[in-house]
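Accompanying notes for the structure given below.
The values are calculated or read from the model by the stated rules, or taken from the named source; none is laboratory data. All values derive from a computational prediction rather than experimental measurement. In this analysis, Cβ positions are derived from the backbone assuming ideal geometry, glycine residues included, and neighbour counts consider all displayed protein chains.
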Amino acid sequence: MSTGGKASIASALAAARKRLQTAGIDDPLLDARLLIAEVVGFSLTDFVMKPDRPVTAEENARIAAMIERRALGEPVHRILGHREFHGLDLLLSKETLEPRPDTEVLVDTLLPALKETVSRTGSVRILDLGTGTGAICLALLKECTQASGIGSDISADALETAARNAARNGLSSRFETIRSDWFEKISGRFDIIVSNPPYIRTDIVATLDREVRNHDPMAALDGGQDGLAPYRLIAADAGRFLVENGIVGVEIGFDQRLDVSAIFASHGFSLLDAVKDYGGNDRVLTFRR
Ligand code: GLN
């Protein structure tokens, strides 16, 4: 890159890190490693083991292009086009929310109920409303081999991505996608209904972190005037799609525990569990009716 000598991983990494640091990126070294690793097929430990590996001109150009996108504020996983979630490698696309580590808490909270249902009935059926990348449903299917699920979404782009993610992770035979506005096209009964709906208040959306606001789809963020509209829809209809003693699990905003609990209570649901995320904020609620 800048030294005039043959480019090595070490020199490419130093240049990339410097570019991201100058651009004010939070963790320039990690992001530089992630992007370079993608281009040259490295694992993160390879940077220590093989710093002298030569970098071809073609690789260098690809690295430079990715680093430039990152310098301009595109999130690193959007550039990579995929992200790890609960042990799955998931593709992202324009109309899918980037899966967050906090959402893994929703998966972990529901797993005992899945296993309990399987031990009683031999199987368990899941409906994931607004599935996006398929993250939640696919993670549950991976952890519970007797489970099957439907991912629904209003976005055709999201459903295509979810289906590809199922195939990519060997889960296609137990996963189906349905294009639906919430429950509109859904039929049948489920043991578990799960959702990470859009829950940001419309007036707050504009103040979100630039990387979220500019790169995550609005339809996956904006929960209406008070951020609670999707919970009202889910709570109003979930009863018709749940088996007896079925469970609803939702992700919520950090300040929505009481409001969302009240909405579900008004439709006859009682709170089973309220769980915090890795940052200590309320993040997951489960209900039974
Ligand atoms: N957790 C996301 C954020 O803070 C919001 C996701 C959602 O609305 N479901 O950007």
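Of note:
- Taking the criterion of being within 24 Å of the chain's Cα centre (by Cα) and of a type in the set (Val, Ile, Thr), the residues of the range 21-37 that qualify are 25, 36.
Residues checked against (1) under 12 Å from residue 16 (Cβ atoms); (2) surrounded by 15 or more Cβ atoms within 10 Å (Cβ to Cβ); (3) away from the ligand (no atom under 16 Å from the Cβ):
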{"site": "46", "(1), (2), (3)": "no, yes, yes"}
{"site": "57", "(1), (2), (3)": "no, no, yes"}
{"site": "61", "(1), (2), (3)": "no, no, yes"}
{"site": "66", "(1), (2), (3)": "yes, yes, yes"}
{"site": "74", "(1), (2), (3)": "no, yes, no"}
{"site": "80", "(1), (2), (3)": "no, yes, yes"}
{"site": "86", "(1), (2), (3)": "no, yes, no"}
{"site": "91", "(1), (2), (3)": "no, yes, yes"}
{"site": "99", "(1), (2), (3)": "no, yes, no"}
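- Check on residue 127, buried (at least 22 other Cβ atoms within 10 Å of the Cβ), within 23 Å of residue 81 (Cα to Cα) and either modelled with pLDDT of 95 or more or β-branched (Val, Ile, Thr) (or both): no
- Search result, residues across the range 178-231 that are surrounded by 13 or more Cβ atoms within 10 Å (Cβ to Cβ), in a loop (DSSP other than H, G, I, E, B) and either among the basic types (Lys, Arg) or on the phi > 0 side of the Ramachandran plot (or both): 182, 189, 201, 224, 227
- Qualifying residue in the range 166-181 (condition: away from the ligand (no atom under 16 Å from the Cβ), within 30 Å of residue 122 (Cα to Cα), of a type in the set (Lys, Arg) and under 18 Å from the mean Cα position of the chain (by Cα)): yes
- Per-region count, the range 196-239, residues within 8 Å of the ligand (Cβ to nearest atom), farther than 14 Å from residue 98 by Cβ and β-branched (Val, Ile, Thr): 1
- Among the helices (runs of 4 or more DSSP H) confined to the range 1-59, the ones with at least 2 residues that are in contact with a Ser or Thr (Cβ under 7 Å, 6 or more places away or on another chain) are located at 9-22.
- Test: residue in the range 128-137 that is outside any helix (DSSP H, G or I) and farther than 29 Å from residue 218 by Cβ: no
- Residue in the range 257-272 that is out of contact with any helix residue (DSSP H, G or I) (no Cβ under 8 Å at 6 or more places or on another chain) and part of a loop (DSSP other than H, G, I, E, B) present: no
- Only one of 204, 200 that is farther than 25 Å from residue 121 by Cα, of a type outside the set (Phe, Trp, Tyr) and in contact with a Gly (Cβ under 7 Å, 6 or more places away or on another chain): 200
- Considering each residue of the range 150-163 in turn, none proves to be without any contact (Cβ under 8 Å) to a residue 60 or more places away in the chain, of a type outside the set (A, V, I, L, M, F, W, C) and part of a loop (DSSP other than H, G, I, E, B).
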